[in-house]
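Reviewing the structure listed below.
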Amino acid sequence: MSPTNTDVPSMSSVHPGDRWNILTRTGPGEPAGELLRRYWQPIGIASEFPAGAPPAHIRVLSENLVLFRDEAGELGLLALLCPHRNADLSYGRIENGGLRCPYHGWLFDRSGACLEQPNVPAAQRSAVNWRQPSFPVQERGGLVWAYLGSGEPPVLPDYPFLDAPAEHVFINRWLSECNYLQANEGNIDPSHTSFVHRMEHPAADATMTGFEADSAPRLSVVETSYGFRLLAERDYVDGKTFLRCSNFILPNGASANGFEAMYGLGGATMLWHVPIDDHTHYRYEITYHAHSELDSAILAQSIEAELDENGKRRRLLENRFLQDRSEMIDKTFAGVGTAFPIHDLLVTESMGSISDRRTEHLTPSDLGVMRARRMLLQAVEDVQAGKEPKGIWREDGLGSFTDFVTFSDWIEKNADPAEHAEQMTRRNIYARTEPDNAG
C-alpha cells in the first residue's frame with residue numbers, strides 16, 4: 001500500500017458544507033443514522049452493569065432503550081416504552097426470566113417476547129402476539145456493544161483489546177455536548193496536537209517534543225479494510241523524522257498513539273464517538289497495551305481531577321472550561337489543565353453542537369478530515385444502494401483487524417512512512433508476546 005495525497009484541498013476551494021451536514025443526522029431513517037446502525041456500537045462500560053444492577057435507560061442514535069440483566073446474568077436491550085401504555089421499562093422489575101413493566105406487570109424476555117400479561121383476563125390474553133423491539137447486545141473488552149441495524153448483525157471486528165487481560169485495558173467515557181462527527185474529526189487532525197495539547201508537565205511523555213518540534217506535519221493516507229491510516233511526519237531536532245500513525249475507523253471510531261514512551265510498541269488509544277442524539281454524544285476511550293499492565297490508578301486519578309463531587313465534568317462550555325489565562329503564560333497552551341480529553345472537548349464543543357461547515361476554510365492540514373468525510377459519504381451511498389459499507393464483515397475471521405496499527409516512532413529522514421507502518425503490521429506488535437524491536 002502506498003500513501004495518497006490527491007485529496008488535499010486547495011486554500012480557495014468551495015466548502016460543500018450542506019453536503020457534510022447529512023453526516024450529522026443520526027436518527028432512524030436518516031442516511032448517516034442508517035449507516036451508523038450497520039456497525040456494532042459501544043453503549044456502555046460493562047462494569048457499570050454488574051449482576052443485580054437496575055435496568056438502565058440508554059439513549060443512543062436518538063433512540064430510547066432499556067438495558068438490563070435477567071436473572072441468569074444475560075444482557076438484554078429493548079425499546080424503552082412498554083407497548084401496552086408506554087410506561088418506562090427502566091423502572092421495571094427483573095423476575096421470572098425477564099423485565100416486568102411497573103405499570104401493569106407485562107413481562108418481556110431478552111428477545112422482546114411478551115411472556116405474561118397478568119392484568120388481562122386469561123381467556124383474552126394475546127401475549128404470543130406482542131413483541132417489544134429488541135436489539136443484539138454483547139460484552140467484549142470491558143464494553144457493552146449493541147447492534148441497532150436491521151437484519152443479522154455483522155461480526156464484531158477483532159479489535160486488539162477485546163480479549164486482553166483486564167490489567168492491560170483502561171476504559172473511560174466523557175459526555176460531550178456536540179455532534180459526534182466534529183469530535184471524531186479532531187482525532188484525525190494531527191496538527192492540533194502541537195497547539196491545544198502543548199504543556200509543561202511531568203505527565204507529558206517524551207513524544208510531546210516531537211509534536212512541538214514541527215507544528216505543520218506532512219500528511220498522507222493509506223486506505224485499510226476498516227478506514228484509513230493517517231501518517232503524519234514531523235522534522236525532528238536531531239535530523240530524524242517523528243512519525244505518528246493514527247487511524248480513522250468507520251464510521252465513528254479512531255485511534256491514536258499508545259504510550260510508546262512509557263511501555264514501548266504495542267499500545268493503542270482507541271476512541272468511539274457514539275451519538276446520543278444529533279447534538280450530544282459519548283466519547284469512549286480505550287487505553288490498551290499488549291505487553292504491559294497499565295497504571296490504572298494514575299489514569300483514574302487524572303480523570304477524577306476533572307470531575308466534581310457528583311462525578312460530573314467540572315469544566316463546561318457554560319463556565320468557559322474554567323480557563324486560567326495565567327496558566328497559559330508558561331504551563332499549558334489552552335489554560336484548562338493537563339487532561340488531553342478536556343482540551344479536545346473545549347475546542348470541539350466551542351464550535352457549537354453542530355458545526356456550520358459552510359464557513360470552514362480547509363487547508364492541506366485537514367487531509368484526514370476531508371478523506372474521512374468522503375469515505376463516510378461513500379459508505380452512506382453504499383447503504384442506500386443496498387451494498388455493504390467498508391468495515392463490515394459477515395464471516396468469522398474476516399474481521400480480524402490484522403491491518404490495524406497505531407504508533408509514534410522516530411524514523412530516518414528519508415524513510416517511507418507507509419512502509420514503516422507496514423513493518424509494524426508484519427511484526428505484529430499487538431501479539432501478546434513482546435514484539436521484535438528491530439526495524
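Each residue in the stretch 244-272 was checked for being touching a His at 6+ places or on another chain (Cβ under 6 Å) and in a strand (DSSP E or B), and 1 pass. Residues in the stretch 187-206 that are in a helix (DSSP H, G or I), more than 16 Å from residue 243 (Cβ to Cβ) and at pLDDT 80 or above: 187 only. For residue 77, the conditions (1) closer than 20 Å to residue 141 by Cα; (2) outside any strand (DSSP E or B); (3) not β-branched (Val, Ile, Thr) are fulfilled apart from (2). So for the stretch 412-421 (the condition being in contact with a helix residue (DSSP H, G or I) (Cβ under 6 Å, 6 or more places away or on another chain), open to solvent by 70 Å² or more (accessible area, probe 1.4 Å) and in contact (Cβ under 8 Å) with a residue 24 or more places away in the chain), does at least one residue qualify? Scanning the stretch 412-421 turns up no residue that is in contact with a helix residue (DSSP H, G or I) (Cβ under 6 Å, 6 or more places away or on another chain), open to solvent by 70 Å² or more (accessible area, probe 1.4 Å) and in contact (Cβ under 8 Å) with a residue 24 or more places away in the chain.
Yes/no per residue for (1) polar (S, T, N, Q); (2) modelled with pLDDT under 95; (3) farther than 24 Å from residue 401 by Cβ; (4) open to solvent by 10 Å² or more (accessible area, probe 1.4 Å):
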| residue | (1), (2), (3), (4) |
| --- | --- |
| 276 | no, no, yes, yes |
| 287 | yes, no, no, yes |
| 302 | yes, yes, yes, yes |
| 306 | no, no, yes, yes |
| 324 | no, yes, yes, yes |
| 344 | no, yes, yes, yes |
| 359 | yes, yes, yes, yes |
| 362 | no, yes, yes, yes |
| 366 | no, yes, yes, yes |
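For the stretch 117-135, name all the residues that are within 31 Å of the chain's Cα centre (by Cα), in a loop (DSSP other than H, G, I, E, B) and buried (at least 16 other Cβ atoms within 10 Å of the Cβ). Correct list: 132, 135. The residues of the stretch 273-295 that are touching a helix residue (DSSP H, G or I) at 6+ places or on another chain (Cβ under 8 Å), farther than 27 Å from residue 33 by Cα and outside any strand (DSSP E or B), listed by number, are 290, 291, 292, 293, 294.
For the stretch 80-114, a residue qualifies if it is crowded, with 20+ Cβ neighbours inside 10 Å and not in a loop (DSSP other than H, G, I, E, B), and the qualifying residues are 89, 90, 98, 99, 100, 107, 108, 114. Sub-7 Å Cβ pairs linking a first residue in the stretch 326-344 that is free of Cβ contacts under 8 Å to residues at least 60 places away in the same chain to a second residue that is of a type in the set (Lys, Arg), at least 6 apart or interchain, are 335/325; 336/315; 342/315, ordered by first then second residue. Select from the stretch 313-322 the residues that are in contact (Cβ under 8 Å) with a residue 12 or more places away in the chain and over 20 Å from the mean Cα position of the chain (by Cα) and write down the one among them that is least open to solvent (accessible area, probe 1.4 Å). Here the answer is 321. May I ask you to list the residues in the stretch 336-389 that are assigned to a loop (DSSP other than H, G, I, E, B) and touching a Cys at 6+ places or on another chain (Cβ under 9 Å)? 350, 351, 352, 353, 354, 355 - these are the residues of the stretch 336-389 that are assigned to a loop (DSSP other than H, G, I, E, B) and touching a Cys at 6+ places or on another chain (Cβ under 9 Å).
The values are calculated or read from the model by the stated rules, or taken from the named source; none is laboratory data. A quick note: this is a predicted structure, and the numbers were derived from the prediction, not measured. Note: ideal-geometry Cβ built from the backbone for every residue, glycine included; neighbour counts use all protein chains shown. All accessible areas refer to the heavy atoms of the entire protein, side chains included, with ligands and DNA or RNA removed. Shrake-Rupley method; radii C 1.70, N 1.55, O 1.52, S 1.80 Å.
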